[in-house]
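Worksheet for the structure shown next.
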Amino acid sequence: MSNFKKEIKDIVKMATAYDVGNNSLFLSVLDTYIAQKKAIDRLQAAISSEELTIDKEYVKGRKNQYIHPAIKELPRHAEAINKTASQLIDIITKLGQKEGGTDSLMEFIRK
């Protein structure tokens, strides 16, 4: 099992323990988190598999070199996924209620 799948499984397990595993807001934000992770993976693959620059021809016969667009997009997506992860934690802690036992959420936050 990949680390990401395990991470998602742990998040859902934690949300269930806090009784928000079936909350529509939680599920919506979790879907967004998964989509953002897939986008970041694709951007990273594009950056590592291709040249860091691309050629564009705006005037016939005159090529210009530009930085690969994925390099500019990656920081935006990274910031977005960090905010989404924060939203997931907020939903679990603010809408959920832990019933006894150890607090696995705090352990997860510390990782």
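Observations on the model:
- Residue match in region 57-77 (condition: more than 18 Å from Thr93 (Cβ to Cβ), of a type in the set (D, E, K, R) and in contact (Cβ under 8 Å) with a residue 24 or more places away in the chain): yes
- All conditions but one from (1) in a helix (DSSP H, G or I); (2) among the β-branched types (Val, Ile, Thr); (3) at pLDDT 90 or above apply to Val20; the one that does not is (1).
- Cross-chain or 6+ apart pairs with Cβ under 6 Å, region 31-47 first and in contact (Cβ under 8 Å) with a residue 40 or more places away in the chain and among the hydroxyl-bearing types (Ser, Thr, Tyr), then surrounded by 13 or more Cβ atoms within 10 Å (Cβ to Cβ) and in a helix (DSSP H, G or I): Thr32/Thr84; Tyr33/Thr84
- Here Leu25 meets the list (1) assigned to a strand (DSSP E or B); (2) surrounded by 11 or more Cβ atoms within 10 Å (Cβ to Cβ) almost entirely, failing just condition (1).
The values are calculated or read from the model by the stated rules, or taken from the named source; none is laboratory data. Quick caveat, the model's predicted, so the values are computed rather than measured. Counting neighbours? That spans all protein chains shown, and the Cβs are built from the backbone with ideal geometry, glycine included.
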